[in-house]
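Shown next, in structure tokens, is the structure this report addresses.
The values are calculated or read from the model by the stated rules, or taken from the named source; none is laboratory data. Here the structure is a predicted model, which means the values were calculated and not measured. Cβ placement follows ideal geometry from the backbone for every residue including glycine, while neighbour counts extend to all protein chains displayed. Calculation scope for accessible area: heavy atoms of the full protein, side chains included, ligands and nucleic acids excluded. Shrake-Rupley method; radii C 1.70, N 1.55, O 1.52, S 1.80 Å.
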Amino acid sequence: MNAQDPGTVELWLLEAAAVPVGPAELAGLDEEEHRRAGRFVRDADRAVYLAAHVALRHVLGRRLGLAPAELVFGREPCPGCAEPHGRPRLAGDPAGALGGATAGAPQFSLSHGGGRVLIGLADAPVGVDVEPLPAADSVEVLATTLHPVERAELADVRPADRPGAFARLWTRKEAYLKGLGIGLARPPAADYLGTAEPARRPAGWAVTDVPAGSRHAAAVALAGGGAAVGYRLRHSLG
């Protein structure tokens, strides 16, 4: 990202199992991250959460020239209720590398699902989402929560292809809502993120599918973008 390329998002789509998570990396996480990790019932889910946050700190730390443990996270006000649970942000820097503020630091978004981690960095509000393809019976239930035009589009898809079509639609929706900073507190039916009628999509945002293989779907949303999001995709922290 630079002044000549403001609309490009840097993306990392990673296998959680490939992210190094040892004692040193875990020591770099803060108290809140450890507390949230402890809430997971399944060890596998906890491991993916920890890998995601270790990877995020690695990516941001490298961008800013800080050790991962030096990063301090906060939350912007929620656009729905103004409480501090909106988009994540960098809240400060004990090392002073950012001059005591986060001006010039990138916007970022983090998602993890189905053993995958997706990180997005941009110069504008950004949201990302990655999900495993759902079971067919789950699609039938979840489809009832969609925008009416989205439901009609999904109904036209062959039953065998609906899990993939639904997952791509849902990740676009989640990426957009995470970019807004409100998440699923906003009803999924409130916004159209289908493909047949692009003019219906939310104004002021570009939302684009990200290739994630045959068993996952992923998407990125960028505020102020054009018809599609330009991005650079990496599959390794190296």
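May I ask you to give the solvent-accessible area per residue for the chain, in square angstrom, as obtained with a 1.4 angstrom probe? Please report the intermediate quantities before stating the final value.
Values: 11350 Å² over 238 residues.
Result: 48 Å² per residue.
Once you treat every alpha carbon in region 81-227 as an equal point and sum by Debye, what is log10 I(q)/I(0) at q = 0.08, 0.15 Å⁻¹?
-0.24, -0.77
If D45, D129, D123 are ordered by their accessible area, calculated over protein heavy atoms with a 1.4 Å probe, which sequence runs from highest to lowest?
Accessible-area ranking of D45, D129, D123, largest first: D123, D45, D129.
Could you rank I182, I119 by how accessible they are, 1.4 Å probe, largest area first?
Most to least solvent-accessible, the answer reads I182, I119.
Return the carbon/sulfur percentage of the accessible area of the chain, one whole number, probe 1.4 Å, all protein chains in place. Working shown, then result.
Details: 6240 of 11350 Å².
C and S atoms contribute 55 percent here.
Can you pull out the trypsin sites (Lys or Arg not before Pro) in region 39-83 whose DSSP state is coil and whose Cβ has at most 16 other Cβ atoms within 10 Å?
Counting only loop positions with at most 16 other Cβ atoms within 10 Å, the trypsin sites (Lys or Arg not before Pro) in region 39-83 are R39, R42.
What is the sum of charges around R116, taking Lys and Arg as +1, Asp and Glu as -1, for the other residues whose C-beta is under 14 Å from the C-beta of R116?
My count for the surroundings of R116 gives -3.
Select from region 169-224 those trypsin sites (Lys or Arg not before Pro) which occupy a DSSP coil region and have at most 16 other Cβ atoms within 10 Å, ordered by residue number.
Filter output for region 169-224: R215.
Taking only C-alpha pairs under 8 Å that are 6+ residues apart, what is the relative contact order of the chain in percent?
On the way: 469 pairs, mean separation 54.0, N = 238.
Relative contact order, the chain: 23 percent.
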